[in-house]
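Working notes, structure below.
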Amino acid sequence: MTENSYSAFQGFKKIAQGGLPAVSAAVRAAEKADPQQTLLVFDDTTGAVVDLDPRGLAEQMPAPRGRGRPKLGVIAREVTLLQRHWDWLAAQPGGASQALRRLVDAARRADGGISAARQAREAAYRFMAGIAGDLPGFEEASRALFADNRAAFHRHAAAWPADIRAHAEAVAWGDVAET
């Protein structure tokens with residue numbers, strides 16, 4: 001799954017997938033063609049519904065970067081540790097922040113994809129709940145999703161519209177770009 005991928009649905013039919021500018025343009029065109037139709041946009045990474053600003057994409061995009069030092073993606077947050085933890089971090093090469101980054105990176109590598117798989121199933125569930133919660137087999141498909149049983153999921157979601165079933169499977173099992 002690629003970051004910053006979005007999918008737009010008109011009813012149960014997928015009308016666009018990709019970056020926000022392209023999906024937003026497709027949604028605006030669909031709204032003009034049929035203002036009564038239900039349109040939903042989902043973030044493919046989280047499964048959350050995305051609210052698009054009706055004024056257009058320009059207001060939704062971040063402002064271009066100004067002059068000066070570029071942001072490196074560093075986010076400052078509070079961390080609460082015991083004194084012995086701070087003492088150990090302070091003694092590490094590069095200081096506490098660098099040591100914490102190394103520890104997090106090592107834990108991510110050791111994870112073996114378990115966290116990513118769990119996050120994908122949770123994103124698929126959010127997508128399903130947002131668009132397919134009233135469809136037959138939703139509860140059974142949800143149980144199969146969290147049991148990581150793709151065959152059972154497909155069986156319970158067989159009566160769903162093809163675009164909804166295919167997208168839920170793609171989000172859950174990591175092949176969003178192929179739907």
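The values are calculated or read from the model by the stated rules, or taken from the named source; none is laboratory data. From a predicted model like this one, the values you see are computed outputs, not experimental measurements. Backbone-built Cβ (ideal geometry, glycine too); neighbour counts: all protein chains shown.
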Q) Which of the residues that make up the stretch 123-147 are loosely packed, with under 14 Cβ neighbours inside 10 Å, more than 12 Å from A157 (Cβ to Cβ) and either among the charged types (D, E, K, R) or in the same structural domain as Q10 (by TED's automatic domain parsing) (or both)? A) D134
Q) Y125 versus (1) among the hydroxyl-bearing types (S, T, Y); (2) under 24 Å from the mean Cα position of the chain (by Cα); (3) at pLDDT below 95: which is the lone unmet condition? A) (3)
**Q.** Verdict on A120 being at pLDDT below 95, crowded, with 16+ Cβ neighbours inside 10 Å and not polar (S, T, N, Q)
**A.** yes
Q | Flag if A33 is modelled with pLDDT of 90 or more, within 21 Å of F127 (Cα to Cα) and out of contact with any Asp or Glu (no Cβ under 9 Å at 6 or more places or on another chain) | A | no
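Within the stretch 161-174, is there a residue that is in a loop (DSSP other than H, G, I, E, B), closer than 18 Å to L40 by Cβ and in contact (Cβ under 8 Å) with a residue 40 or more places away in the chain? Talk me through it step by step, then tell me what you get.
Restricting attention to the stretch 161-174, the residues satisfying the condition of being in a loop (DSSP other than H, G, I, E, B) are 161, 174.
If we keep only those that are closer than 18 Å to L40 by Cβ as well, we get 161.
Those left that are additionally in contact (Cβ under 8 Å) with a residue 40 or more places away in the chain: 161.
Yes, the stretch 161-174 contains a residue that is in a loop (DSSP other than H, G, I, E, B), closer than 18 Å to L40 by Cβ and in contact (Cβ under 8 Å) with a residue 40 or more places away in the chain.
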Q.
On the basis of being of a type in the set (D, E, K, R), assigned to a helix (DSSP H, G or I), more than 19 Å from the chain's Cα centre (by Cα) and loosely packed, with under 13 Cβ neighbours inside 10 Å, does R108 make the cut?
A. no
Q: Kindly indicate whether any position in the stretch 140-154 is farther than 25 Å from I15 by Cβ, in a loop (DSSP other than H, G, I, E, B) and in contact with a helix residue (DSSP H, G or I) (Cβ under 6 Å, 6 or more places away or on another chain).
A: no
Q: Output the number of the condition that A96 fails; it satisfies all remaining conditions of (1) over 26 Å from Y6 (Cβ atoms); (2) of a type in the set (G, A, S); (3) not in a helix (DSSP H, G or I).
A: (3)
Q: Please go through the stretch 12-26 and pick out each residue that is farther than 18 Å from I131 by Cβ and among the polar types (S, T, N, Q).
A: S24
Q) For K13, are the conditions met, namely being among the charged types (D, E, K, R), loosely packed, with under 14 Cβ neighbours inside 10 Å and touching a residue at least 24 places away in the same chain (Cβ under 8 Å)? A) yes
Q: Identify all residues within the stretch 38-72 that are closer than 24 Å to V171 by Cα and either modelled with pLDDT under 90 or exposed (fewer than 10 other Cβ atoms within 10 Å of the Cβ) (or both); write none if there are none.
A: T38, D51, L52
**Q.** Close pairs (6 angstrom Cβ cut-off, 6 or more residues apart or separate chains): under 18 Å from A76 (Cβ atoms) and without any contact (Cβ under 8 Å) to a residue 40 or more places away in the chain in the stretch 94-114, of a type in the set (S, T, N, Q) and surrounded by 12 or more Cβ atoms within 10 Å (Cβ to Cβ) anywhere
**A.** A99/Q92
